[in-house]
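The structure appears below as structure tokens.
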Amino acid sequence: MKELTVISGKGGTGKTTITAAFAALAQGQVMADGDVDAADLHLILTPRIKKEEEFFGGRAPLMDKDKCDECGICMELCRFEAIRDFIIDPISCEGCGLCMHACPNDAITMEEKFSGHWFISDTRFGPMVHGKLGIAEENSGKLVSLVRQQARLIAEEENKDLIIIDGPPGIGCPVIAAMTGVDLVLAVTEPTLSGIHDLERVLGVAGHFSVPATVCVNKFDINTENTEKIKEYCRERNIEVVGEIPYDPIVTKAMVAGQSITEYDSGVVTDIIKKMWARIETGLGNGFER
Ligand code: SF4
Ligand code: SF4
């Protein structure tokens, strides 16, 4: 079984457009949406939810007022000032558990904390696992790991040999959870200065975890000079640029229509994405260089 993660240094680089197109082109895959903070793959894949489960992403303190004698020790010790007037503020609390250990009356216990939901759905391209973190909830890395684990179980049960993961933006814990141990990372970038900077950071993370990486430059023609810089950067590090996609408003039209670009149109962008997919499929079979 192979796993491909599509990532970008930040949101809005076309990552989901490309992931959705791959979903349409690949046959027999499981989709995993790792963007649990701000998922948008479902806008194109329109999943029909078959199973919904609660996600408990950490522990939170619960104070028993009957046992509390208001000594104030917990308030003094909490580094995050999350306890005021003997009331715990769940937003400020970091779940460290110090208050529980410090309370002389055992008035505080750490309880599992409801943090969101995860789902198994059907899409027109096959099964999809996705999650939704509650507002202001953390631990998205844990939820991404759970989404990936469930996707692997489905792939095993249904004999599917590919998992395509729509990774979260950035380089934080959820991104690491989305890329560790996968067979290939495709980093989608735009040829802007911030895009280049973000690309360097995500490729740095992939390199750190020894995950093979390739690059796609989206809207390459909005700044060909920067595109050349990206290609040079990749050449120096032996990272293959598998696709250069021109700016085309048809991509937005496809999104608005709730379709992947390859379903919506058979023009230049679709053509390039098809070639890119063919290269990635071959590379996944043969192994990209680490
Ligand atoms: S668990 Fe830690 S952060 Fe939360 S209230 Fe207790 S001491 Fe403060
Ligand atoms: S340490 Fe325990 S008893 Fe003291 S204020 Fe906090 S919860 Fe109450």
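What follows is calculated from the coordinates using simple rules that are stated; it is not laboratory data. Keep in mind it's a predicted model, so treat the numbers as computed, not measured. Note: ideal-geometry Cβ built from the backbone for every residue, glycine included; neighbour counts use all protein chains shown.
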Candidate set: segment 161-185, residues that are surrounded by fewer than 24 Cβ atoms within 10 Å (Cβ to Cβ) and under 26 Å from Glu228 (Cβ atoms); chosen: the one farthest from the chain's Cα centre (by Cα):
Leu184
Among the residues of segment 79-93, is there at least one that is surrounded by fewer than 13 Cβ atoms within 10 Å (Cβ to Cβ) and at positive phi?
yes
The number of residues in segment 104-131 that are in a loop (DSSP other than H, G, I, E, B) and crowded, with 21+ Cβ neighbours inside 10 Å is 2
Keeping to segment 81-123, report how many residues are under 20 Å from Gly58 (Cα atoms), small (Gly, Ala, Ser) and more than 8 Å from ligand 1 (Cβ to nearest atom).
3
